[in-house]
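What follows is a single structure, and I will ask about it in a moment.
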Amino acid sequence: MFRFKKKEKIEIPLEVPKHIGIIMDGNGRWAKKRMQPRVFGHKAGMEALQEVTIAAKNMGVQVLTVYAFSTENWARPKDEVAALMGLIVEYFNKKIDELDRKGVCIRMLGDLSAVPDLQRETALRAMERTKDNKGLKLNIALNYGGRQEILRAARRLAEKCADGEMRPEQIDEVAFEGELYTAGLPMVDLLIRTSGEERISNFLLYQCAYAEFVFVPEYWPDFTREVFARALETYARRDRRFGKV
Ligand code: IPE
Ligand code: IPE
Ligand code: MG
């Protein structure tokens, strides 16, 4: 069992996943339950993200990848998209100092070219500032889609072949993984989705090939480090066989 002895102190007797993916879902429903606008839920979600990031760092997780905005989320009402984009900037402005101090290294996953200038520049600045940090790697998936990521990798390899840089028979898992946004990082061990939904919604399709899935009923803003620790306990009880017996 995880025990939180005092603030940010925990016992970790379990096998901790190297790479955790989180689909941070349920902000809108959390707000609705409180008769507040959806953006209120997104704001609260930002605080949950900070708490879980610090907890992951303290537990010795190597990589945490969170789904902030999908390629499909552009289809939401204009004002919600604008509010979410605004929150990205607010998130970096408010949280970057603490993340940097704790040694967190930030990487953005997704097609940033389609993200508004201010958001893209803020994100790139955060990446640049934390690039040499040696602690937790925090990947933020923004305008990210798993299918698009796989297509992009295929296209990049096709271009290398067309340019004579490599031959088609040299395309193996190592070469393919090198063209994903997660190049150089381990595959996902544990995928958590909050809010009771049980689907992958175009997140890390390649990297989740052998991930354990843990679905929790809590809406994302209610995802505390205690709920996180419980998800890790569930993971630790799983028997990962990777096709073997
Ligand atoms: C997750 O919460 C945040 C994003 C998708 C950006 P939702 O906004 O999807 O909240 P629900 O699922 O509508 O409750
Ligand atoms: C997935 O949540 C995307 C993010 C959490 C950023 P959605 O709420 O957009 O997914 P669906 O539409 O319920 O599958
Ligand atoms: Mg949702």
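Take each of the peptides 105-114, 77-86, 17-26, average the number of other beta-carbon atoms within 10 Å over its residues, and list them starting from the highest. Walk me through the intermediate numbers first.
On the way: 105-114: 18.5, 77-86: 14.1, 17-26: 23.9.
Descending packing order for the listed peptides: 17-26, 105-114, 77-86.
Let me have the relative contact order for the chain, percent, based on Cα pairs under 8 Å that are six or more residues apart.
Result for the chain is 27 percent.
Excluding Arg152 itself, what net charge comes from residues whose Cβ is under 11 Å from its Cβ, given Lys and Arg +1 and Asp and Glu -1?
-1
Would you mind calculating the gained length between Gln50 and Ser113 on full extension (0.36 nm times residue separation, minus the Cα-Cα distance), in nm to one decimal?
Values: separation 63, 0.36 × 63 = 22.68 nm, distance 2.56 nm.
Taking 0.36 nm per residue and subtracting the Cα distance, the gain is 20.1 nm.
Oh, and also: Total Lys pairs in the range 53-198 closer than 30 Å by alpha-carbon, pairs eight or more apart in sequence or interchain only?
Close lysine pairs under the 30 Å cut-off: 20.
What is the antiparallel percent of DSSP beta bridges lying wholly in the chain, to the nearest 5?
5
What order do you get for Asp117, Asp97, Asp189 when you list them from fewest to most C-beta neighbours inside 10 Å? Display every interim value, and only then the final one.
Values: Asp117 7, Asp97 10, Asp189 23.
Starting with the residue having the fewest Cβ neighbours, the order is Asp117, Asp97, Asp189.
Which parts of the range 47-67 would a label at Arg34 reach, counting a residue when its backbone N lies under 16 Å from a point 7 Å out along Cα-to-Cβ?
It comes to 47-51, nothing else.
Counting Lys and Arg as +1 and Asp and Glu as -1, what is the net charge of the other residues whose Cβ lies under 13 Å from the Cβ of Asp132?
Cβ neighbours under 13 Å give a net charge of +3.
Something else about it: In what sequence, highest mean first, do 124-135, 60-71 appear when ranked by Cβ atoms within 10 angstrom?
Highest to lowest by the protection proxy: 60-71, 124-135.
So, one more: Work out the FRET efficiency for Cys161 and Arg76 from their Cβ-Cβ distance, taking R0 = 51 Å, and round it to the nearest 0.05.
Working: r = 38 Å, r/R0 = 0.74.
Efficiency, rounded to the nearest 0.05: 0.85.
I'd like the distance separating the alpha-carbon centroids of the range 199-245 and the range 113-140, in whole Å.
25
While we're looking at this one, here's another question. Could you please report the charge total around Arg238, scoring K, R as +1 and D, E as -1 over all other residues with beta-carbon less than 11 angstrom from its beta-carbon?
That sum, taken over residues with Cβ under 11 Å, equals -2.
A short reminder: the numbers here are calculations on the coordinates, not readings from a lab. Not measured: the values here are computed from a predicted model. As a convention, Cβ positions derive from the backbone with ideal geometry for all residues, glycine included, and neighbour counts pool all protein chains shown.
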